[in-house]
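J.: Can you read through this structure? Questions will come right after.
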Amino acid sequence: MINRRLLPDVMCALAEFPAVALLGPRQAGKTTLARIIADMQQGAIRLDLERPSDLAKLADPELFLSRQGDRLVILDEIQRQPELFAVLRALIDDNRRPGRFLLLGSASPQLLRQASESLAGRIAFRELAPFDISEVQVDHAELQNFWLRGGYPLSWLAQTEDASFAWRESFIATHLERDIPSFGIRVPGATLRRFWQMLAHLHGQLWNASRLASSFGTSAPTVQHYLDILEATYMLRRLPPLQANLGKRLVKSPKVYLRDSGILHALLGIQSLDELAGHPVVGPSWEGWALEQIAQLLGPQWQLSFYRTASGAEMDIVAERGKRRIGFEVKFSSAPVLSKGFWSAKNDLDLERACVVAPVECVYPLAPDVEVVPAAGLAAWLKTI
């Protein structure tokens, strides 16, 4: 089971650019997707930069890579060898043939600053996230298990709930103890884990660095640095407030969500649906899960934000593309009821359409341009916009 939805996009990028970077968290399926691409490209070679035997081939990277001029070269875990970016730039400038290099990395372009600077105009970036709802194709009955486990392939496909939870605990430990130090980040794993767990309890709330710093016993710039680390390694998403001149007093702080619901639940020690149902995070967790589905299914062409005014008008998610504007409200209820704040926000924003994402079994209208949409059918609904 792999992320095939991204495959055509990556292949198109390889047909246009000398280098393509496929980025995303570890264990999301980048290597599996790269192997499929390698099978489609005759003579392609893959080097894993965590493997000593492959690193030995790059003792003289310019000499080795220059001999592969007609082949696709896949470099896995590129963030471990940042000095390669300068070499790749020189080789690409000598031969700008599309599809020369596919780079796999577990850090954002901002963290891989060498790539964005050294390969500007020569590289396309694509993000591979864990499974979304269109890929696992769950029905209404299975949906909550997907929400509980999250989208990482080995968590979702585990044979038992205990095995899924154990995998996620191991993933968290490995990320803190091995992955983050491999990026050259010097923050003690125990410190960052405590911060990550605090964020889990604040999931979906407005970011307040000063308040969190006070609770954490450190400075606001320090907790901001910790937040940046987790965001750059694809563990969390900052949802900005809508920037619009609507004549309203708007909230200016972003909201912070852990990107994978399964990792959120593991950090909070939630192992079952019964435990989740009785936990204070149940509503925010559902909202964050829906946000991530919408973000992945719509893609980077749509800009996401939230809307909240001092007078109480609020929309959980606003998706914008050009002059188009779609609103999303997320409710963990089989009979969702919308507040006055939703209708005020809808009027303020002049939405094209609005969608209420809820654990219901079928689509039904609340108004001519407002529909309640089952979470299991969200991918199908989004194709209609």
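J.: Scan region 359-372 for residues that are surrounded by fewer than 20 Cβ atoms within 10 Å (Cβ to Cβ) and either charged (D, E, K, R) or closer than 15 Å to Trp286 by Cα (or both) and jot them down. Full working, then the answer.
T.: To start, the set of residues in region 359-372 that are surrounded by fewer than 20 Cβ atoms within 10 Å (Cβ to Cβ) comprises 359, 361-371.
Correct list: Pro359, Glu361, Asp369, Glu371.
J.: Looking for something part of a helix (DSSP H, G or I), touching a strand residue (DSSP E or B) at 6+ places or on another chain (Cβ under 9 Å) and crowded, with 22+ Cβ neighbours inside 10 Å - is there at least one such residue anywhere in region 109-132?
T.: There is at least one residue in region 109-132 that is part of a helix (DSSP H, G or I), touching a strand residue (DSSP E or B) at 6+ places or on another chain (Cβ under 9 Å) and crowded, with 22+ Cβ neighbours inside 10 Å.
Residue by residue, here is whether (1) in contact with a strand residue (DSSP E or B) (Cβ under 6 Å, 6 or more places away or on another chain); (2) in contact (Cβ under 8 Å) with a residue 60 or more places away in the chain; (3) not assigned by TED's automatic domain parsing to the domain that holds Arg26 holds:
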{"residue": "Leu47", "(1), (2), (3)": "yes, no, no"}
{"residue": "Gln68", "(1), (2), (3)": "no, no, no"}
{"residue": "Val73", "(1), (2), (3)": "yes, no, no"}
{"residue": "Asp94", "(1), (2), (3)": "no, no, no"}
{"residue": "Ala107", "(1), (2), (3)": "no, yes, no"}
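J.: Can you find a residue that is within 28 Å of the chain's Cα centre (by Cα), small (Gly, Ala, Ser), crowded, with 20+ Cβ neighbours inside 10 Å and not assigned by TED's automatic domain parsing to the domain that holds Ser261 anywhere in region 36-45?
T.: No, because not a single residue in region 36-45 is within 28 Å of the chain's Cα centre (by Cα), small (Gly, Ala, Ser), crowded, with 20+ Cβ neighbours inside 10 Å and not assigned by TED's automatic domain parsing to the domain that holds Ser261.
J.: I'd like to know if region 348-356 contains one or more residues that are touching a residue at least 40 places away in the same chain (Cβ under 8 Å) and either over 22 Å from Lys252 (Cα atoms) or among the polar types (S, T, N, Q) (or both).
T.: Among the residues of region 348-356, not one is touching a residue at least 40 places away in the same chain (Cβ under 8 Å) and either over 22 Å from Lys252 (Cα atoms) or among the polar types (S, T, N, Q) (or both), which makes the answer no.
J.: Collect the residues in region 303-331 that are assigned to a loop (DSSP other than H, G, I, E, B), modelled with pLDDT under 95 and surrounded by 13 or more Cβ atoms within 10 Å (Cβ to Cβ), keeping them in residue-number order.
T.: Ala313
J.: Also, I was wondering about something else. Among Ala28, Ala13, which is the only one that is more than 19 Å from Arg122 (Cβ to Cβ) and in contact (Cβ under 8 Å) with a residue 60 or more places away in the chain?
T.: Going through Ala28, Ala13 in turn, just one is more than 19 Å from Arg122 (Cβ to Cβ) and in contact (Cβ under 8 Å) with a residue 60 or more places away in the chain: Ala28.
The values are calculated or read from the model by the stated rules, or taken from the named source; none is laboratory data. Keep in mind it's a predicted model, so treat the numbers as computed, not measured. Cβ sites come from the backbone with ideal geometry, for glycine too, and all protein chains shown count toward neighbours.
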